[in-house]
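Written below as structure tokens is the structure these notes are about.
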Amino acid sequence: MSAINTNVEHFEYDNTIVRNFALASIIFAIVGLLVGLLIATQLFLPAANITQYFTFGRIRALHTNAVIFAFVGNAIFAGIYYSLQRLCKARLYSDLLSKIHFWGWQLIILSAAITLPLGLSTSKEYAELEWPIDIAIALIWVIFGINMFGTIFKRRERHLYVAIWFYIATFVTVAMLHIVNSLAIPVSLTKSYSLYAGVQDALVQWWYGHNAVAFFLTTPFLGLMYYYLPKMANRPVYSYKLSILHFWSLIFLYIWAGPHHLLYTSLPDWAQSLGTVFSIMLIAPSWGGMINGLLTLRGAWDKVREDPRLKMMVVGVTAYGMATFEGPMLSLKNINAIAHYTDWIPAHVHVGALGWNGFLSFAVMYYIVPKMYGNEMFSKKLMNAHFWLGTLGILFWAVPMYISGFTQGMMWKEFTAEGNLKYGSFLETTLQVIPMYYLRALGGLFYLSGALIGAYNIFKTMLVGKLIANEAAQAPALEKVFIAEGSDSHWHKWVERKPLQMLFWSFVVVAIGGMIEIIPTFMVQSNVPTIASVQPYTPLELQGRDLYIREGCVSCHSQMIRPFRSETERYGEYSKAGEFVYDHPFLWGSKRTGPDLHREGGKYPDSWHYHHMRDPTSMSPGSIMPPYEWLLEQKLNVSNTQDKLRAMKTLGVPYDDYAIKNANIDLAEQAKAISDNLAKEKIKVAPDKEIVALIAYLQRLGTDIKKGQQ
């Protein structure tokens, strides 16, 4: 070993960039929660769907994106940039990259806030943004990575603390997930089609969707927990060995679990089974992290009683433990058969989002803001008020939704003594749970009120103090150390002290599971048996499908009938993998607020769909679906029909040159037939209206199977 280094270097931490991300996080927390409260209200008050740009279908994605990427995302960057500098004993690598990262991320959020209400969406869960924004996300994420690794390379601390391992795994895995899932063929600047279709698209999407939760909403927060919880409690981490085991087992196992979102669907059984097995195994590392966090507080529980930040940390870590126990339970087929498509799933998600992500984000803000401003929080009483309102909000949100989910799951499956569905109308189950929707909105109001108090408290703290923009610090310079062969050194230190090796092995560990699940689903033809009667959509039906995506119909309606007697009795024959081979993107859905639509074609006359879109209650008294009058008035844009068919042909959909050339002629003929059909029932609607295209799509759903059986 070399001699002890006495060369002390002086430098400054950059608190300005941390402050900027913290401010953005607090502002977007309020925005995201306000939109959440609005969509919660829309589910029991359809009149709250104010305009076509603020319907539930369009702004649900705005809510999820605002909370995940704006509120929580900015909190992650604030927490990482503050802790990384202190763990590395170094200023961030580049002030310029920090600024580009900050303003680039805010522009991405702004672009989402504009495009999603306009209906510019890919419809893919947590990945709804169109291709130019996806490219921007990838570029800004790379800038974040360069800034992070540049800081690590110039560190004055030899060992990479466990929090940094989680930051590195977050960076590499989110990059991989985002790029693979976002691959698409552009039609125009605002429209694209997923590179994958049907079963493959569903697998890739939920490989991404589940692991966006894992590696954007879990691993960075575990890193933050490992830094901020010991700091707040002034206690060392309970077990360093447990943190090593926790890290490597978590990132390896998590990546396999995506298929548990697709149980009983058309996904191959072997992939479903893999997802279930690895989901069950996930309990061990997840609870290892929770236990490591909670046991760090041994001997410091008196501080928890007094410190609202530690209270938030304890409730947050406990919520993480609950959610990561419930997730594997929901991956068991017998439980999933009841829970999937019900309000149980949003309840499960929000325990993690409001408890784990929300409370940890605010706890981190409450810790770093006073540190950066050289004072104490403005009001401890307001911090406590925030904690209790937030906790009540979580309970009032989650408990009613669990009750609602159990109710839905049981009602959907209940039969009479004579063997008939007891609740044959889907609407009966919806009306039964509306009181729970009132309570959910109340819970959202509590949580939002707490966040508003927290924002006020933080802003007052900033106003009273003064930002220490460049915080003076000092540390000995890092010198090279030669470790002799056979010396007392564990193998894992060889990786954990070298950031590029940590990056490489983290990538290898997370890539294994994805490759084993995804590649065979693409390469082995038997995974998606073809059905001869399944044909590509007509030009009008394709335009109608894009309107369906624009309006966010997939947020409330599934297109996946599972092989249960209760579902085949209610909807028709169960869904087959070969039916979705031309679906770019897939539209299987993840929540049924309304009935499944996969066998909707031919079920009702065209006039029924017209009246249902004009005024849903005229066809379904008591419906909570909003009216879509604009579809009756707005003219269908057919200028891009040929471009859409060309893009589909590039993706392998068998449109020939003649069909592409005459696309709008065929479209007009089919539209006129529907218009004439409506005229017979005294409904005057021009063939060029959007409603005609949507009716064409809805009437196509599930009809290919019926043709094949004739």
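In this structure, does Val204 turn out to be within 20 Å of the chain's Cα centre (by Cα), modelled with pLDDT of 95 or more and open to solvent by 10 Å² or more (accessible area, probe 1.4 Å)? Against the criterion (within 20 Å of the chain's Cα centre (by Cα), modelled with pLDDT of 95 or more and open to solvent by 10 Å² or more (accessible area, probe 1.4 Å)), Val204 does not qualify. Any idea which residue in region 636-672 is nearest to Thr530 (Cα to Cα), counting only those that are β-branched (Val, Ile, Thr) and open to solvent by less than 80 Å² (accessible area, probe 1.4 Å)? Within region 636-672, the match that is nearest to Thr530 (Cα to Cα) is Val653. Whether a residue is touching an Asp or Glu at 6+ places or on another chain (Cβ under 9 Å), more than 24 Å from Leu463 (Cβ to Cβ), at pLDDT 95 or above and open to solvent by less than 50 Å² (accessible area, probe 1.4 Å) was assessed, and Gln85 passes this test. When region 43-57 is filtered for residues that are assigned to a helix (DSSP H, G or I) and buried (at least 24 other Cβ atoms within 10 Å of the Cβ), the ones remaining, listed by number, are Phe56, Gly57. The condition of being open to solvent by 10 Å² or more (accessible area, probe 1.4 Å), within 15 Å of Ala169 (Cα to Cα), touching a residue at least 24 places away in the same chain (Cβ under 8 Å) and in contact with a helix residue (DSSP H, G or I) (Cβ under 6 Å, 6 or more places away or on another chain) holds for only one of Leu217, Leu250, that being Leu217. Taken as a whole, the structure places Pro595 among residues that are under 30 Å from the mean Cα position of the chain (by Cα), of a type outside the set (Phe, Trp, Tyr), closer than 30 Å to His348 by Cα and open to solvent by 30 Å² or more (accessible area, probe 1.4 Å).
Could you grab me the full set of residues in region 459-475 that are in a strand (DSSP E or B) and either loosely packed, with under 15 Cβ neighbours inside 10 Å or among the basic types (Lys, Arg) (or both)? Explain how you work it out, then say what you get.
Of the residues in region 459-475, the ones in a strand (DSSP E or B) are 470-475.
Within region 459-475, Asn470, Ala472, Gln474 qualify.
Checking the conditions here, which among Asp269, Asp302 is without any contact (Cβ under 8 Å) to a residue 12 or more places away in the chain, under 25 Å from Gly513 (Cα atoms) and open to solvent by 30 Å² or more (accessible area, probe 1.4 Å)?
Result of the check over Asp269, Asp302: Asp269.
Among the residues making up region 509-554, those that are open to solvent by 50 Å² or more (accessible area, probe 1.4 Å) and not in a helix (DSSP H, G or I) are Val524, Pro529, Thr530, Ala532, Gln535. Evaluated against (1) in contact with a Ser or Thr (Cβ under 7 Å, 6 or more places away or on another chain); (2) touching a residue at least 60 places away in the same chain (Cβ under 8 Å), Pro687 falls short on exactly one condition, (2). When each of Thr173, Thr151 is tested for being open to solvent by less than 10 Å² (accessible area, probe 1.4 Å), more than 18 Å from Ala90 (Cα to Cα), of a type in the set (S, T, N, Q) and touching a residue at least 12 places away in the same chain (Cβ under 8 Å), the lone residue that passes is Thr173. Surrounded by 20 or more Cβ atoms within 10 Å (Cβ to Cβ), touching a residue at least 60 places away in the same chain (Cβ under 8 Å), part of a helix (DSSP H, G or I) and touching a Cys at 6+ places or on another chain (Cβ under 7 Å), is that true of Ile168? No. All of Arg91, Arg158, Arg60 fail the test of being modelled with pLDDT under 95 and either more than 19 Å from the chain's Cα centre (by Cα) or open to solvent by 10 Å² or more (accessible area, probe 1.4 Å) (or both), apart from Arg158. Got at least one residue in region 115-122 being part of a helix (DSSP H, G or I) and not basic (Lys, Arg)? Scanning region 115-122, I find at least one residue that is part of a helix (DSSP H, G or I) and not basic (Lys, Arg), so the answer is yes. The set of residues from region 272-292 being open to solvent by less than 10 Å² (accessible area, probe 1.4 Å) and more than 16 Å from Gly321 (Cβ to Cβ) comprises Gln272, Gly275. Looking only at residues of region 364-394 that are hydroxyl-bearing (Ser, Thr, Tyr) and closer than 27 Å to Ala323 by Cα, we find that the one that is least open to solvent (accessible area, probe 1.4 Å) is Tyr366. Can you tell me which of Tyr264, Tyr228 is at pLDDT 90 or above and closer than 30 Å to Val369 by Cα? Exactly one of Tyr264, Tyr228 is at pLDDT 90 or above and closer than 30 Å to Val369 by Cα, namely Tyr228. Being crowded, with 20+ Cβ neighbours inside 10 Å, within 30 Å of the chain's Cα centre (by Cα) and assigned to a loop (DSSP other than H, G, I, E, B) holds for only one residue in Glu567, Glu600, and it is Glu600.
Picking from residues in region 123-155 that are more than 30 Å from Tyr240 (Cβ to Cβ) and part of a loop (DSSP other than H, G, I, E, B), the one that is farthest from the chain's Cα centre (by Cα) is Glu130. Any residue in region 570-583 that is assigned to a loop (DSSP other than H, G, I, E, B), open to solvent by 40 Å² or more (accessible area, probe 1.4 Å), modelled with pLDDT of 95 or more and in contact with a Pro (Cβ under 6 Å, 6 or more places away or on another chain)? Looking through region 570-583, at least one residue is assigned to a loop (DSSP other than H, G, I, E, B), open to solvent by 40 Å² or more (accessible area, probe 1.4 Å), modelled with pLDDT of 95 or more and in contact with a Pro (Cβ under 6 Å, 6 or more places away or on another chain).
Results for (1) open to solvent by less than 10 Å² (accessible area, probe 1.4 Å); (2) in contact with a Ser or Thr (Cβ under 7 Å, 6 or more places away or on another chain), shown as yes or no for each residue.
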position: Val67; (1), (2): no, no
position: Gly73; (1), (2): yes, no
position: Ala78; (1), (2): yes, yes
position: Asp95; (1), (2): no, no
position: Ile100; (1), (2): no, no
position: Leu110; (1), (2): no, no
position: Leu116; (1), (2): yes, no
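Among the residues that make up region 689-701, is at least one of them under 30 Å from Glu567 (Cα atoms), polar (S, T, N, Q) and either in contact with a Phe, Trp or Tyr (Cβ under 7 Å, 6 or more places away or on another chain) or part of a helix (DSSP H, G or I) (or both)? Looking through region 689-701, at least one residue is under 30 Å from Glu567 (Cα atoms), polar (S, T, N, Q) and either in contact with a Phe, Trp or Tyr (Cβ under 7 Å, 6 or more places away or on another chain) or part of a helix (DSSP H, G or I) (or both).
The values are calculated or read from the model by the stated rules, or taken from the named source; none is laboratory data. Please read all numbers here as calculations on a predicted model, not as lab measurements. Backbone-built Cβ (ideal geometry, glycine too); neighbour counts: all protein chains shown. These accessible areas exclude ligands, DNA and RNA; they are computed on the full protein's heavy atoms, side chains included. Shrake-Rupley method; radii C 1.70, N 1.55, O 1.52, S 1.80 Å.
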